[in-house]
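Have a look at the structure below, then the notes.
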Amino acid sequence: MSAGPDLTPVLQHAQSADADLRKQAELQLQAYQQQDYAGYLVALVSELANDNKPPETRQIAGLLLKNLMDATDAVLKEGMLTRWANVDGAVKAKVKHLLLPVLGAQAAPARHTAAIVVAKIAAIELPLRNWPEVVSALLTNMGQPNNSLKQATLQALGYICEEMGKLEEDILDQQQINNVLTAVAQGMRPDEADSSVRLAATVALYNALEFAHSNFDNADERNYIMQCICEGAISPETRLQEAAFECLVKVAGSYYEKLPMYIQDIFKLSHRAITQGDEEDVAKQAIEFWCTVAEEEIEAQEAVEDGEEAVNHSFIRQALQPLPNIEKKDNPENWRNREAATFAFSSILEGPSYASLAGVVNAGLGFLLNATKDPDPMVRQTTAWTIGRIFQFVHGEEDVGMPPLINPQNLPGVVKTLLESTRDEPHIAEQICFALSQLAAGFKDSDTPLFSPYFADIVQALLQQGERALQMDVQEGARLQLQAFEAINEVVRSASPDTLPLVGQLIQALLDKLASTLRMQVTSSEAKEHQKDLQGLLCGVLQVVIQKLSESDSAKTGLLEKADSIMQALLGVFQCDTTSVHEEAMLAVGALTYVCGQSFTKYMQSFYPVLELGLKNHREVDVCIATVGVLGDICRAMDTQVAEFSDNIMQVLLQTLSDPTVDRSIKPQILSSFGDIALAVGDKFETYLATVS
């Protein structure tokens with residue numbers, strides 16, 4: 001049996017920044033594969049399994065091995081399966097023998113890659129009734145004290161279940177499924193001290209749930225599985241919470257009929273994740289659970305209407321029944337019912353069509369607006385959030401020919417109620433700001449100025465919330481401030497032409513607020529960060545205002561009169577930090593170049609040091625990419641006049657391209673900017689061709 005070549009030097013060259021070395025290494029690897037496939041397999045798995053090899057070459061070896069076992073193209077994949085099938089049994093055995101211990105390797109990338117490769121080989125072998133011992137071998141690892149081994153083993157089990165789920169035939173027998181679920185549940189227990197093991201177990205359960213029908217028919221086993229999932233949903237680890245809710249989503253889709261005895265607990269967990277948690281990804285999965293329940297019940301209802309039998313527990317309908325109680329303020333002890341109804345209402349909004357939601361949404365909006373005055377703050381917060389979601393998913397999304405949700409008759413009351421609620425407690429006002437942003441966004445493509453009469457009052461109320469936030473606790477104030485300014489952005493984007501004069505009036509207010517940030521007492525890193533965040537929000541609104549006014553020639557003319565003041569304010573922001581560049585301020589400059597055209601040249605001497613600093617700021621990838629984008633804007637605005645600065649600009653860009661440490665996402669943007677520079681400077685670009693090419 002061939003031991004195969006030593007691949008370490010070749011694999012190192014395959015990662016080289018030198019394109020020639022990289023190409024040569026790739027050709028050499030292809031030659032190894034074609035000349036001695038079995039030896040190549042052994043060489044790859046030997047590299048992956050060797051603790052003395054560099055971590056990066058071990059990982060690449062594992063990925064190359066995985067790519068020999070699977071492909072998205074069906075024809076290519078069939079060829080891979082045939083080639084593996086023709087490999088000598090002793091070689092296959094050696095590959096498996098070397099591979100399994102890597103699950104306990106010290107290097108995490110090697111463990112993770114090995115788990116993937118184990119699953120890919122199992123996906124080939126198990127349907128052929130080969131390698132039957134792989135599952136039992138993995139389960140044996142779960143009894144070892146090595147947490148890294150357990151984590152990688154759980155990953156491998158999860159990947160195997162995922163691969164088996166793609167097949168039409170049932171490959172794993174019930175005993176294997178039971179053993180896998182037992183191992184997974186053991187890893188999910190709260191007393192498991194290693195959170196990475198709990199996470200790997202929870203992800204593995206997600207993939208194994210597809211095979212757990214017999215286990216869900218057994219009440220004791222089902223209860224234990226659901227207990228493990230629910231305990232994960234309250235973990236302090238965000239990713240574990242998200243994975244647990246992903247499992248609940250899958251349970252809702254696969255085992256809906258088993259949910260009644262768990263629905264109250266799941267409701268409490270999802271409500272907590274959505275209304276009290278700070279992690280958006282967790283909240284999204286909690287919402288997805290209720291969307292899945294709603295979809296199951298809609299399908300069940302349609303099946304019954306077609307004369308078929310279907311299980312429908314009507315969870316959503318039951319939760320919505322207390323909705324009218326929102327108006328009954330004389331019964332404050334029922335606040336939990338009112339909040340539960342509101343929360344359930346919000347959970348079904350994302351997904352179903354407007355036609356299926358129209359009746360319940362139109363009926364519920366009035367109740368919800370009244371509920372913004374509920375005596376209980378929890379009800380008011382959930383109500384404000386729900387109103388925002390109604391506007392997000394329904395308002396402006398109406399089907400052709402259907403009456404709009406917001407119309408001339410109800411809009412005045414909607415706006416009045418929301419504006420009054422901006423004065424509520426900060427966490428409620430934050431949700432009201434979101435509702436106002438989504439209300440405005442629904443009018444973005446409207447042909448009528450229905451929203452125009454409310455523009456000034458809404459913007460003023462949102463600006464007041466921004467000021468209010470400055471007087472609050474930093475964390476709570478930051479959330480309110482962010483939501484208020486994002487709402488202003490949406491209101492401006494949705495402004496009708498008749499409100500452009502009002503949009504223009506915002507410029508001076510924004511410049512005044514930017515000027516006040518320059519006078520802030522910055523005595524700590526926290527204060528510095530607070531100043532930068534506030535400046536970012538103000539510059540973000542300024543950019544949106546400039547872009548909106550640029551849509552009209554008359555408004556653009558008025559904007560030009562303010563250009564000097566705008567540029568002076570932005571340069572002041574840049575001077576607050578001479579070691580970095582403010583991304584939002586940079587983007588605002590880009591918007592201003594479109595307005596100024598060639599007259600932007602008068603700012604270039606003062607702005608160029610900022611531009612160069614941004615182009616050199618490789619550590620902050622987003623800032624660097626934004627600066628390269630603004631460079632393109634400047635080239636289009638200044639045209640030939642940018643030639644005065646092009647030598648220095650090209651030198652900076654070429655240095656960046658040759659730097660191997662620069663993030664790869666930056667370099668394509670730089671290459672694109674060469675076209676902008678060439679179009680601007682014309683024949684002068686010929687002097688750069690030798691270095692560019």
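Values in this text are rule-based calculations from the coordinates and carry no lab data. Everything quoted here is computed from the prediction, not taken from an experiment. All Cβ positions, even for glycine, are placed from backbone atoms using ideal geometry, and neighbour counts span all protein chains on display.
Overview of results
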quantity: Neighbour-count ranking [beta-carbon atoms within 10 angstrom, fewest first] of M520, M586; calculated: M520, M586
quantity: Rg/Rh (Cα only; Kirkwood hydrodynamic radius) as it applies to the stretch 212-300; calculated: 0.96
quantity: Cα gyration tensor category, rounded, prolate or oblate, for the chain with a/c compared to 1.5; calculated: oblate
quantity: Leading residue at positive end of dipole, the chain (Cβ point charges), from Q438, P377, Q547; calculated: Q547
quantity: Computed magnitude of the charge dipole of the chain (debye, nearest 20; Cβ of K, R +1, Cβ of D, E -1); calculated: 1300
quantity: Gyration tensor (alpha-carbon) shape descriptor, the stretch 395-456, a/c threshold 1.5; calculated: prolate
quantity: Summed side-chain charge close to P377 - residues other than P377 whose Cβ falls under 9 Å, Lys, Arg +1, Asp, Glu -1; calculated: -3
quantity: Cβ-based exposure ranking for T523, T342, in which fewest neighbours within 10 Å come first; calculated: T523, T342
quantity: Cα principal axis extents for the stretch 1-131, largest first, Å; calculated: 44, 34, 30
quantity: Proximal aspartates and glutamates relative to K667, as straight alpha-carbon distance under 13 Å, when same-chain residues fewer than 8 apart are discounted; calculated: D622, D659
quantity: The stretch 1-131, relative contact order in percent, only Cα pairs under 8 angstrom and at least six apart counted; calculated: 24
quantity: Per-selection Kirkwood Rh - the stretch 585-693 (Cα, Å, 1 d.p.); calculated: 13.8
quantity: Rel. contact order, % - alpha carbon contacts under 8 angstrom, at least six apart, the chain; calculated: 5
quantity: Linear extension gain, E56 paired with S524, 0.36 nm per residue minus alpha-carbon span; calculated: 164.5 nm
quantity: Inverse of mean 1/r across different Cα pairs in the stretch 478-608, Kirkwood, Å; calculated: 15.1
quantity: Under 28 Å from the Cα of K258 - lysines, other chains or at least 8 residues apart; calculated: K166, K250, K268, K284
quantity: Relative contact order, percent, the stretch 185-258 [alpha-carbon distance under 8 Å, six or more residues apart]; calculated: 35
quantity: Helix-only CD estimate at 222 nm, as mean residue ellipticity for the chain, using -39500 (n - 2.57) per DSSP H run (n ≥ 4); calculated: -23000 deg cm²/dmol
quantity: Residue-wise HN-Hα coupling along the stretch 555-562, computed from phi with Karplus coefficients 6.51, -1.76, 1.60 (Hz; x: Gly, Pro); calculated: 5, 5, 5, x, 5, 4, 5, 9
quantity: FRET efficiency for S554 and M604, using Cβ-Cβ distance with R0 set to 35 Å, rounded to 0.05; calculated: 0.85
quantity: Gained length - K284 relative to M402, 0.36 nm times residue gap less alpha-carbon distance; calculated: 39.6 nm
quantity: Computed Rg/Rh of the stretch 358-502, alpha carbon atoms with Kirkwood Rh; calculated: 0.96
quantity: Fewest-first sequence of T372, T691, T153 by Cβ atoms within 10 Å of each Cβ; calculated: T691, T372, T153
quantity: Those lysines that a straight Cα-Cα span of less than 26 Å connects to K94, excepting residues fewer than 8 apart in one chain; calculated: K53, K66, K77, K120, K150
quantity: Dmax and Rg, reported as Rg then Dmax, of the stretch 496-693 (C-alpha, Å); calculated: 17.4, 53
